[in-house]
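As structure tokens, the structure follows; a few thoughts come after it.
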Amino acid sequence: LVPATWATRVVLNRAALLAGVQRVAPFARSGNGILRFVMTGSVLHVLSRGDEIGDSHDTVPVAAVEGAAGAATALNVKYLVEMLGSFGATEITMDLNQPSQPVVFRAGDTATEVLMPMYVEASSFALPVDGESAEAVAVFA
């Protein structure tokens, strides 16, 4: 079940990622519990949509990125928060392949967690630009 290879590896500060996720989590919880992640340059964008309260967007700085640019996935907010809270490491890695494939989180050599992605439409990976919605990142091409 744990993918042996990855297309994109992202190295993040665990506390910064958890803080970013917690800032947008209320919007995800009011909807369907889905958080979307999109990599652009050295920033991980965390997006969520609330059915009645609107959208939320936060960014998390990335320590390092290896592999393909523009990686994206969607994960369940509850499982992600629980997993991030269980890691004791300062720095974690997030290994991504296609948006429909498992995402592997590692805390050094001490812990490995696999989260299965949630299915979302490609257009839901759009990043906000100056209050307007940008075109979707081409992650399904």
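The values are calculated or read from the model by the stated rules, or taken from the named source; none is laboratory data. Since the structure is predicted, the reported quantities are computational estimates derived from the model, not experimental observations. For neighbour counting, all protein chains shown are included, and Cβ atoms are generated from backbone atoms with ideal geometry for every residue, glycine included. For the accessible areas, the whole protein counts, side chains as well, though only heavy atoms, and no ligand, DNA or RNA atoms are used. Shrake-Rupley method; radii C 1.70, N 1.55, O 1.52, S 1.80 Å.
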Restrict the check to the stretch 59-68 and report whether at least one residue is over 13 Å from the mean Cα position of the chain (by Cα), in a loop (DSSP other than H, G, I, E, B) and under 21 Å from T112 (Cα atoms). yes
Go through the stretch 62-115 and report how many residues are over 18 Å from H45 (Cα atoms), open to solvent by less than 10 Å² (accessible area, probe 1.4 Å) and not hydrophobic (A, V, I, L, M, F, W, C). 0
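Kindly establish whether F37 is modelled with pLDDT under 90, open to solvent by less than 60 Å² (accessible area, probe 1.4 Å) and not small (G, A, S).
Numbers: modelled with pLDDT under 90: no; open to solvent by less than 60 Å² (accessible area, probe 1.4 Å): yes; not small (G, A, S): yes.
Answer is no for this residue.
Out of the stretch 3-32, which residues are at pLDDT below 90 and out of contact with any Asp or Glu (no Cβ under 9 Å at 6 or more places or on another chain)?
Applying the first criterion (at pLDDT below 90) to the stretch 3-32 yields 3-4, 26-32.
If the condition is that a residue be at pLDDT below 90 and out of contact with any Asp or Glu (no Cβ under 9 Å at 6 or more places or on another chain), then A4, P26, A28, R29 are the ones that fit.
Which residue is surrounded by the fewest Cβ atoms within 10 Å (Cβ to Cβ), if the candidates are limited to the stretch 42-58 and must be farther than 20 Å from Y119 by Cα and modelled with pLDDT of 85 or more? So that I can check it myself, show each step before the final result.
Taking the stretch 42-58 as the starting set, the residues that turn out to be farther than 20 Å from Y119 by Cα are 42-43, 52-53, 58.
From what is left, the residues that are modelled with pLDDT of 85 or more are 42-43, 58.
Details: S42: 11, V43: 14, D58: 17.
Checked the stretch 42-58; the qualifying residue surrounded by the fewest Cβ atoms within 10 Å (Cβ to Cβ) is S42.
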Which count do you get for residues in the stretch 116-133 that are modelled with pLDDT under 50 and surrounded by 11 or more Cβ atoms within 10 Å (Cβ to Cβ)? 1
